[in-house]
1. Determine which member of the set Ala29, Ala46 is of a type in the set (A, V, I, L, M, F, W, C), at pLDDT 95 or above, more than 18 Å from the chain's Cα centre (by Cα) and surrounded by 12 or more Cβ atoms within 10 Å (Cβ to Cβ).
2. Count, please, the residues in the range 6-24 that happen to be surrounded by 19 or more Cβ atoms within 10 Å (Cβ to Cβ) and under 12 Å from Ile97 (Cα atoms).
3. Within the range 30-42, is even one residue among the hydrophobic types (A, V, I, L, M, F, W, C), in contact with a Pro (Cβ under 9 Å, 6 or more places away or on another chain) and under 14 Å from Gln110 (Cβ atoms)?
4. Within the range 27-82, which residues are within 15 Å of the ligand (Cβ to nearest atom), over 14 Å from Glu13 (Cβ atoms) and charged (D, E, K, R)?
5. Across the range 83-113, what is the total count of residues that are in a loop (DSSP other than H, G, I, E, B) and within 16 Å of the ligand (Cβ to nearest atom)?
6. Out of the range 70-127, which residues are surrounded by 11 or more Cβ atoms within 10 Å (Cβ to Cβ), among the hydroxyl-bearing types (Ser, Thr, Tyr) and closer than 24 Å to Asp24 by Cα?
7. May I ask you to say which residue of Glu100, Glu116 is touching a Lys or Arg at 6+ places or on another chain (Cβ under 9 Å) and over 18 Å from Thr44 (Cα atoms)?
8. Among (1) surrounded by fewer than 16 Cβ atoms within 10 Å (Cβ to Cβ); (2) under 11 Å from the mean Cα position of the chain (by Cα), where does Tyr67 come up short?
Amino acid sequence: MLFKYEVESNERECLIDITKYLYDAIKKAKVKNGIAIIYCPHTTAAITINENADPSVREDIIKFLSYLIPKDFNYKHLEGNSDAHIKSSLVGCSEVIIIEDGKPILGTWQSLFFAEFDGPRRRKVYIKIIEG
Ligand code: ZN
């Protein structure tokens, strides 16, 4: 089953916790065991899994990506958001999570994040649940 969700960012770059959407999709799909594919159909955003206990981890990820990939550089892309495109490719636009006994297998400190690199804006996230 395929589920579609919307994510709204209010900063240019941020990590938004979307773990609740994963739980919602698994519940609606009524699947006990299988996999979930979380996919973002955007070229300047991404999906990632990381720590949610200490919010400074999220800030450090954004900060260090910006250090590696500065907004201002001699890029060719005229839209002015090449840094966001590069970050999207590096982080990746999808994740796969195992579902066991009706729950996603996530570590104690892990959460699922939508990574916004060119906000603020409204985005889409797809979650495909496959039984097996
Ligand atoms: Zn662009």
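1. Going through Ala29, Ala46 in turn, just one is of a type in the set (A, V, I, L, M, F, W, C), at pLDDT 95 or above, more than 18 Å from the chain's Cα centre (by Cα) and surrounded by 12 or more Cβ atoms within 10 Å (Cβ to Cβ): Ala29.
2. Of the residues in the range 6-24, 1 are surrounded by 19 or more Cβ atoms within 10 Å (Cβ to Cβ) and under 12 Å from Ile97 (Cα atoms).
3. yes
4. Once the filter is applied, which keeps residues that are within 15 Å of the ligand (Cβ to nearest atom), over 14 Å from Glu13 (Cβ atoms) and charged (D, E, K, R), the range 27-82 yields Asp72, Lys76, Glu79.
5. 1
6. Correct list: Ser94, Ser111, Tyr126.
7. Glu100
8. Condition (2) is where Tyr67 drops out.
The values are calculated or read from the model by the stated rules, or taken from the named source; none is laboratory data. Since we're looking at a predicted model, the values are computed, not measured. With ideal geometry, Cβ positions are generated from the backbone for all residues, glycine too; neighbour counts draw on all protein chains shown.
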